[in-house]
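In what follows, a structure is listed as structure tokens, so that the remarks can point back to it.
The values are calculated or read from the model by the stated rules, or taken from the named source; none is laboratory data. Please read all numbers here as calculations on a predicted model, not as lab measurements. Cβ sites come from the backbone with ideal geometry, for glycine too, and all protein chains shown count toward neighbours. Note: accessible area is taken over every heavy atom of the protein model, side chains too, but ligands, DNA and RNA are not part of it. Shrake-Rupley method; radii C 1.70, N 1.55, O 1.52, S 1.80 Å.
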Amino acid sequence: MNKNPLSLQLDPEMFKPVPKEERVQLVTMRPSTTYWQDASRRLKRNKVAMISIVVILAVFAFAFLGPYIMKATTGFTYEEQIREDVDQPPSLRHWMGTDGLGRDLMVRVMVGTRISLLVGLIATFIILIIGTLYGAIAGLAGGWVDNIMMRFVEILYSVPDILIVILLSVTLKDPLTIMLESGGLLRGLAGVGPGLISIFITFALLYWVGMARMVRGQVLQIKEQEFVTAARALGASNRRIILRHLIPNSIGPIIVTATFQIPSAIFVESFLSFIGLGVSAPMASLGSLASDAMNGVYSYPYRLLFPSLIIALIILAFNQLGDGLRDALDPKMKK
């Protein structure tokens with residue numbers, strides 16, 4: 001006789017295998033994932049965003065690899081003039097035709113796309129640094145410091161952007177030209193030209209206010225969290241709290257805002273170049289190529305068609321990617 005008291009309390013029926021029907025009904029828990037893994041999974045499910053990524057990568061390959069491939073296969077370069085091919089329509093020899101000087105338009109559109117993309121990326125980087133730091137400092141400081149800093153932002157936000165950009169571009173063009181020609185601190189930027197430098201200056205002065213307002217709103221929410229309080233209790237400085245806690249925990253909205261800022265910067269640069277205040281010869285961007293095409297738009301419409309299509313494609317792809325990133329990086333969208 002088994003005298004173990006535990007054996008009297010155990011029912012042998014409890015140790016029988018569970019039927020298959022009952023096992024199917026059990027709820028299987030989702031495996032644990034990190035924030036970025038979950039965001040990546042949601043982004044991959046967004047077909048429009050994934051198509052936009054493919055389009056953006058194709059545009060980058062077109063801009064940065066295309067000129068070298070064209071030179072190796074056809075021998076056409078950005079500045080080469082072929083006198084017998086002046087004003088040629090699109091053909092198997094010149095896929096996008098040629099201009100009035102016999103230059104292959106496809107190579108020029110490739111180089112112009114490269115310059116426009118670089119302008120958009122550099123301008124967005126400037127906006128990202130200034131706006132993120134300004135908004136984080138204002139949100140963390142609070143009180144009268146926050147009020148003064150944000151009133152300054154609201155003043156800049158109320159100013160018509162395009163008008164100020166045009167005024168600054170016109171005002172800075174001559175001084176920058178003199179400084180570039182005389183050498184000195186800007187002698188290394190002589191190849192960039194005064195137009196591009198003035199564009200970067202105007203972006204640094206005006207276009208960071210939207211980023212600053214967004215980051216400030218995020219910091220106002222995050223700075224009341226327990227981990228920020230713990231960092232303060234351990235003696236962390238404001239600089240460490242901003243760089244190690246506040247900005248990393250706001251990185252999702254920052255990435256989304258920066259993604260939307262890239263097409264905006266490209267559009268502004270194209271507009272300024274179109275009216276003659278941006279990229280100057282011998283450099284060319286999509287805006288300056290479109291401006292040059294206006295002289296013969298009725299006779300040679302293809303000269304305007306291809307740069308315009310590239311601009312529209314870039315802006316559409318980045319905007320769709322920004323929408324996909326916003327949905328993927330927002331925890332509230334998690335099902």
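Descriptive notes on the structure:
- For LYS223, the conditions (1) of a type in the set (Lys, Arg); (2) farther than 24 Å from PHE125 by Cβ; (3) free of Cβ contacts under 8 Å to residues at least 60 places away in the same chain are fulfilled apart from (3).
- Number of residues in the stretch 90-100 that are open to solvent by 70 Å² or more (accessible area, probe 1.4 Å) and either in contact (Cβ under 8 Å) with a residue 24 or more places away in the chain or under 21 Å from SER288 (Cβ atoms) (or both) equals 1.
- Yes/no for SER264 being touching a residue at least 24 places away in the same chain (Cβ under 8 Å), open to solvent by 30 Å² or more (accessible area, probe 1.4 Å) and either in a helix (DSSP H, G or I) or within 30 Å of GLY139 (Cα to Cα) (or both): yes
- Selection from the stretch 292-301 of residues that are part of a helix (DSSP H, G or I) and surrounded by fewer than 17 Cβ atoms within 10 Å (Cβ to Cβ): MET294, ASN295, GLY296
- Tallying residues that are closer than 23 Å to PRO263 by Cβ and of a type outside the set (Val, Ile, Thr) within the stretch 114-148 yields 12.
- Just one of the numbered conditions (1) in contact (Cβ under 8 Å) with a residue 60 or more places away in the chain; (2) open to solvent by less than 20 Å² (accessible area, probe 1.4 Å) is not true of PRO282: (2).
- Note on the stretch 284-303: residues that are of a type in the set (Val, Ile, Thr) and closer than 14 Å to THR113 by Cα total 0.
- Across the stretch 185-213, the qualifying residues are those that are modelled with pLDDT under 75 and open to solvent by less than 40 Å² (accessible area, probe 1.4 Å), and the one among them that is farthest from the chain's Cα centre (by Cα) is LEU186.
- Members of the stretch 115-131 found to be in contact with a helix residue (DSSP H, G or I) (Cβ under 8 Å, 6 or more places away or on another chain), open to solvent by 10 Å² or more (accessible area, probe 1.4 Å) and not β-branched (Val, Ile, Thr), listed by number: LEU121, LEU128
- Given (1) assigned to a helix (DSSP H, G or I); (2) under 27 Å from ILE129 (Cα atoms), number of the condition ALA236 does not satisfy: (1)
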